[in-house]
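Heads up: the structure comes next, in structure tokens.
The values are calculated or read from the model by the stated rules, or taken from the named source; none is laboratory data. These numbers come from a predicted model, not from an experiment. Every residue, glycine among them, receives a Cβ derived from its backbone with ideal geometry; neighbour counts consider all protein chains shown.
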Amino acid sequence: MLHFTASLPFDRRLAIVDTRGSLAHVEMLADRRIITRDEAEKIIDGLKEIRAEVEQEQFPYDLDFEDIHMNIEKRLIEKIGPLGGKLHTGRSRNDQVALDTHLYMKDEIKALELLLKQLQETLLHLAERFEGVLIPGYTHLQRAQPVLFSHHLLAYFWMLQRDRERLEGVLKRADLMPLGAGALAGTGFDIDRQQVAEKLGFSGLYENSIDAVSDRDYIIEFLSFASILMMHLSRLCEELINWSSAEFGFIELDDAYTTGSSMMPQKKNPDLAELARGKTGRVYGSLFAILTVMKGLPLAYNKDMQEDKEGFFDTVDTLKGLLPLLAEMLDTVTLNHDCLKEAVDDDYLCATDLADYLVKNGLSFRDAHHVVGNLIAYCRKEEKRLRELDPDTRGRFHPALAGEISFLLDPAQVVEARRSRGGTAPSAVREQMKLAWKEMG
């Protein structure tokens, strides 16, 4: 029963924030004269010794004491005697564990925000490095229109920017201090919650003691953010996997981020990208697990809520491990320019511009779309490219097509024409880059 119910194997990582919260709590107890100043000093000295033991990996964890909070209290009593039991005056493990997870999350959000920003900067540097390079843009994984490679990369930059903004929102709602809620009803001691909140760097308090110990929406919101982020990273990695395959051949990944096959010596497997794609399911699982745990719980605290931590901790570890590696891998990507040039040299990619040209010559877009569709069907049947058709043949589909249209079949000029804000023209992408760098601060 003890082994099944104990949380110490995973909540021991909260040891440092637990001592931080306890130090603020005991100082408040002394200031409110709930304990004496001399008692507080002895408790503070003991807690600092315990913190040092944890930092030096010398703390004697004991599974018989179930969780990190009881382990620290037990160790404090070993150091300073029964006085250590006064540390728990005016609080419960319910509000204590809520405080610890809030403090831990705030610290990790700050670390993750920096890693996300570094990944965004890597994308920006990559976009600058490959400025002017054309690639086929796709819909339905079918070649659609030519775009700048930089423009494609910047799409992921803006996705990650929204992820970073979501993370800021998570931080805002994690920045509430639950300590002082007690088990669920508050405490009869004359405590000062605001003092503890300010000491610990919280911007606000939970205003309802039951709410403070009953909900884990801040963890759910963090895992929601993480799931959306992993979805974006998985899509990016899927494209890296496709682009590095022989079928595309657009890019090459550095050997440091790929592996060979145990049987086939020619293989270069994109393992990091594949694992990023795979670990997305792991993060989704953590989100659905805590949602399922919380969905039917009556107020206030229930032991089910102990299940809030493992998926949360695992997701933090996954993101902190993955984000810097992805940035490193992207920074080493090289382009196969010959293969890209061949892929873009497909004048069917310019079909939309032919339709737009007919619209400018008086057709409705729907009629123009039909004309160009018939023209492309003819080319495919005859196994010819658009630029191989003579003016008379083109003119059979519409008189305007019999004129000089070579500029409409040049991918570079097609890209150049997309100058609207957010478009793929070099000038528009340069403006987009300026805005992106501005977001980086």
Tabulated pairs, segment 198-211, first farther than 21 Å from Ser22 by Cβ, second exposed (fewer than 13 other Cβ atoms within 10 Å of the Cβ), C-beta under 6 angstrom, 6+ apart or interchain: Ile210/Leu299
Segment 386-397 residues that are free of Cβ contacts under 8 Å to residues at least 40 places away in the same chain and surrounded by fewer than 16 Cβ atoms within 10 Å (Cβ to Cβ), paired with ones that are assigned to a loop (DSSP other than H, G, I, E, B) and of a type in the set (Gly, Ala, Ser) (beta carbon under 7 Å, 6 or more apart): none
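Confirm whether Ile241 is within 30 Å of Leu297 (Cα to Cα), touching a helix residue (DSSP H, G or I) at 6+ places or on another chain (Cβ under 9 Å) and hydrophobic (A, V, I, L, M, F, W, C). Walk me through how you get there before you give the answer.
Values: within 30 Å of Leu297 (Cα to Cα): no; touching a helix residue (DSSP H, G or I) at 6+ places or on another chain (Cβ under 9 Å): yes; hydrophobic (A, V, I, L, M, F, W, C): yes.
Taking the combined requirement at face value, the residue does not satisfy it.
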Residue within segment 45-64 that is under 25 Å from Thr187 (Cα atoms) and of a type in the set (Phe, Trp, Tyr) present: no
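Over 18 Å from Phe130 (Cα atoms) and at pLDDT 95 or above: is that true of Lys434 in this structure? First the steps, then the outcome.
Numbers: over 18 Å from Phe130 (Cα atoms): no; at pLDDT 95 or above: yes.
Here the answer is no, as Lys434 does not meet what is asked.
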Checklist (1) small (Gly, Ala, Ser); (2) surrounded by fewer than 15 Cβ atoms within 10 Å (Cβ to Cβ); (3) closer than 16 Å to Val372 by Cβ applied to Ala400, failing item: (2)
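Could you look through segment 144-183, keep only residues that are of a type in the set (S, T, N, Q) and closer than 11 Å to Leu123 by Cβ, and pick out the one that is farthest from the chain's Cα centre (by Cα)?
First, pick out the residues of segment 144-183 that are of a type in the set (S, T, N, Q): 145, 150, 161.
This time we only want the ones that are closer than 11 Å to Leu123 by Cβ, so: 150, 161.
On the way: Ser150: 21, Gln161: 10 Å.
The qualifying residue farthest from the chain's Cα centre (by Cα) is Ser150.
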